[in-house]
Amino acid sequence: MTDPVIANVHAREILDSRGRPTVEADLTLSDGTRVSASVPSGASKGRHEAVELRDGDAARYGGLGVRRAVASIADRIAPALRGRPPVQAEIDALLLELDGTPDKSALGANAILAVSLATARAAAAVAGVPLWRHLAGAGAPVLPLPMVNMISGGLHAGRQLDFQDFLIIPAGAPTYGEALHQCVAVYGALGELLARRGLTTLKADEGGYGPPLASHAAALDVLVEAIDRAGLTPGQDVVLALDVAASHLHDAETGTYRLASEGRVCDAAELTGLLEELVDRYPIVSIEDPLAEDDWDGWAHLTARLGGRIQVIGDDLFATNLARVERGLKAGAANAVLVKMNQIGTISETLAVVERAREAGLRTVISARSGETEDPALADLAVGAAGGQIKIGSVAQSERLAKYNQLLRIEEQLGGDGAFAGRSVLGHDNPESL
Ligand code: PGA
Ligand code: ZN
């Protein structure tokens with residue numbers, strides 16, 4: 001029997017969790033196997049991300065339509081892929097060649113990723129294994145420790161607070177299933193607390209609450225209280241994390257950060273000092289994008305000062321781009337990489353970033369976007385690539401739960417809790433040190 005080859009790729013425009021158009025691709029193999037994949041979309045995007053192709057036709061979806069990206073697949077990609085085996089490295093290399101630009105702006109990173117991810121699914125189907133197993137290759141699969149959004153600010157919640165995400169990490173949980181349970185308990189307790197204070201419990205883009213709190217400290221206070229109310233011990237069972245998303249608070253002209261909720265404008269050193277004070281006061285173990293995406297010196301300084309105590313994650317800083325990760329390694333900027341498939345656009349390049357980070361001793365957090373689809377692939381990627389941590393948003397809304405639930409299925413398939421990352425991925429084996 002000959003190995004199946006790609007018979008066709010068909011794409012369509014679907015809607016993401018914000019009701020904005022995104023790309024879905026169906027890939028059919030010569031043996032009749034049919035798989036689909038769809039791609040997410042960010043709101044607080046970095047400047048160094050691969051380019052999403054949007055139609056710009058204001059008469060449809062305010063210019064956000066993706067008919068041009070769908071056409072990239074129909075007119076350029078599908079003809080080139082027909083007759084080829086679904087081998088990831090080969091298909092991804094071909095996609096890069098067809099596009100021919102450094103930022104994937106010709107075909108669109110949204111078109112390219114839909115096909116790249118569908119190729120991964122097709123290869124898994126040919127091998128007769130689940131996607132996570134296929135992505136693991138010769139490596140050992142690991143269930144990730146989740147980092148879960150509870151309160152949103154920034155561009156995801158009408159800038160009620162400056163910092164974009166206030167998250168919890170159930171670092172003391174023995175299994176993924178128990179970690180998820182604890183996050184749901186804290187989320188519920190937080191909702192009750194906010195309601196009791198007469199604050200809105202309406203949800204932001206990623207399902208977190210977006211209350212009008214007076215300050216960042218007030219958000220951290222209510223989060224600590226919610227953990228306590230859920231019967232868990234802050235700092236032991238459950239620890240805190242922030243995504244400052246500082247690029248979006250940064251004024252490039254003056255080089256300063258505008259913190260409306262603190263009523264102040266500060267420079268990188270002052271923002272670093274402010275974050276250090278929060279780390280001193282609260283059980284914060286991780287801060288993402290504490291500074292703007294091109295402030296390499298500021299990042300190096302912050303990492304030297306705080307990197308021994310907390311995880312310093314580069315999201316907009318690295319944009320899942322290997323060259324930027326290399327630059328960060330040289331500069332000593334960050335000690336962890338946020339990994340988003342659509343920041344770079346192919347599965348091969350995404351896996352290469354995870355691999356390089358691991359080799360260099362940087363931690364990885366496999367992350368969703370604020371605009372997501374029902375595709376659960378992120379969960380498979382986190383397990384297969386043994387990323388250690390996953391960031392999906394809150395424990396609400398089906399586009400998020402599609403991934404959390406997929407991890408429950410994978411936990412069952414893996415059998416037992418042996419493969420759960422747990423607190424050790426944070427560099428804390430001892431609960432006393434959290
Ligand atoms: P985005 O934000 O998906 O809106 O870009 C997510 C993040 O900053 O982590
Ligand atoms: Zn971020």
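The values are calculated or read from the model by the stated rules, or taken from the named source; none is laboratory data. This one's a predicted model, so the numbers in the text were calculated from it and none came from an experiment. Methodologically, a virtual Cβ is constructed for each residue, glycine included, from the backbone with ideal geometry; neighbour enumeration extends over all protein chains shown. Surface accessibility is based on the protein's heavy atoms, side chains included, excluding ligands, DNA and RNA. Shrake-Rupley method; radii C 1.70, N 1.55, O 1.52, S 1.80 Å.
Yes/no per residue for (1) open to solvent by 10 Å² or more (accessible area, probe 1.4 Å); (2) touching a residue at least 60 places away in the same chain (Cβ under 8 Å); (3) within 16 Å of ligand 1 (Cβ to nearest atom); (4) touching a Pro at 6+ places or on another chain (Cβ under 6 Å):
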| residue | (1), (2), (3), (4) |
| --- | --- |
| 335 | yes, no, no, no |
| 345 | no, yes, yes, no |
| 356 | yes, no, no, no |
| 394 | no, yes, yes, no |
| 406 | yes, no, no, yes |
| 420 | yes, yes, no, no |
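Selection of the range 296-321 for residues being away from ligand 2 (no atom under 15 Å from the Cβ) and in a loop (DSSP other than H, G, I, E, B) yields 307, 308, 309, 310.
Among the numbered conditions (1) touching a residue at least 24 places away in the same chain (Cβ under 8 Å); (2) part of a loop (DSSP other than H, G, I, E, B), the only one that residue 179 does not meet is (2).
For residue 188, the conditions (1) surrounded by fewer than 24 Cβ atoms within 10 Å (Cβ to Cβ); (2) modelled with pLDDT of 95 or more; (3) under 26 Å from residue 346 (Cβ atoms) are fulfilled apart from (3).
Looking only at the range 315-345, which residues are over 20 Å from residue 147 (Cα atoms) and either aromatic (Phe, Trp, Tyr) or more than 15 Å from the chain's Cα centre (by Cα) (or both)? Reasoning before the result, please.
Initial filter on the range 315-345 (over 20 Å from residue 147 (Cα atoms)): 321-333, 344-345.
Answer for the range 315-345, where residues must be over 20 Å from residue 147 (Cα atoms) and either aromatic (Phe, Trp, Tyr) or more than 15 Å from the chain's Cα centre (by Cα) (or both): 322, 323, 324, 325, 326, 327, 328, 329, 330, 331, 332, 333.
Considering only residues in the range 13-62 that are open to solvent by less than 40 Å² (accessible area, probe 1.4 Å), more than 15 Å from ligand 1 (Cβ to nearest atom) and hydrophobic (A, V, I, L, M, F, W, C), the one that is nearest to residue 83 (Cα to Cα) turns out to be 29.
Picking from residues in the range 207-238 that are under 19 Å from the mean Cα position of the chain (by Cα) and open to solvent by less than 10 Å² (accessible area, probe 1.4 Å), the one that is nearest to ligand 2 (Cβ to nearest atom) is 208. Among residues that are open to solvent by 50 Å² or more (accessible area, probe 1.4 Å), modelled with pLDDT of 95 or more and not aromatic (Phe, Trp, Tyr), residue 66 is not included.
You will find that of 315, 380, the residue that is more than 16 Å from ligand 1 (Cβ to nearest atom), closer than 30 Å to residue 123 by Cα and open to solvent by less than 10 Å² (accessible area, probe 1.4 Å) is 380 and no other. Residues of the range 1-38 that are of a type in the set (Asp, Glu) and within 30 Å of residue 207 (Cβ to Cβ): 13, 16, 24, 26. Out of everything in the range 63-73 that is over 23 Å from residue 155 (Cα atoms) and in contact (Cβ under 8 Å) with a residue 24 or more places away in the chain, what residue ends up being nearest to ligand 1 (Cβ to nearest atom)? Among those residues, the one meeting the criterion is 69.
Are there strands (runs of 3 or more DSSP E) fully within the range 250-291 with at least 2 residues that are within 16 Å of ligand 2 (Cβ to nearest atom)? List them. Before the answer, list the steps.
Numbers: elements: 256-259, 264-266, 284-288.
Passing ranges, in order: 284-288.
For residue 253, are the conditions met, namely being without any contact (Cβ under 8 Å) to a residue 60 or more places away in the chain and not small (Gly, Ala, Ser)? Explain how you work it out, then say what you get.
Working: without any contact (Cβ under 8 Å) to a residue 60 or more places away in the chain: yes; not small (Gly, Ala, Ser): yes.
So residue 253 passes the test.
The residues listed here are 73, 77, 91; of these, the one that is assigned to a helix (DSSP H, G or I) and in contact with a His (Cβ under 8 Å, 6 or more places away or on another chain) is 73. Residue-level check: of (1) within 16 Å of ligand 2 (Cβ to nearest atom); (2) touching a Phe, Trp or Tyr at 6+ places or on another chain (Cβ under 9 Å), residue 380 misses just (1).
Quick grid of which residues meet (1) farther than 29 Å from residue 257 by Cβ; (2) open to solvent by 10 Å² or more (accessible area, probe 1.4 Å); (3) at pLDDT 95 or above; (4) within 16 Å of ligand 2 (Cβ to nearest atom):
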position: 115; (1), (2), (3), (4): yes, no, yes, no
position: 121; (1), (2), (3), (4): yes, yes, yes, no
position: 150; (1), (2), (3), (4): no, no, yes, yes
position: 153; (1), (2), (3), (4): no, no, no, yes
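Restricting attention to the range 318-333 and to residues that are within 16 Å of ligand 1 (Cβ to nearest atom) and open to solvent by 10 Å² or more (accessible area, probe 1.4 Å), the residue that is farthest from residue 280 (Cα to Cα) turns out to be 321. Residues that are away from ligand 2 (no atom under 16 Å from the Cβ), within 14 Å of the chain's Cα centre (by Cα), of a type in the set (Ser, Thr, Tyr) and not in a helix (DSSP H, G or I) occur at least once in the range 364-374.
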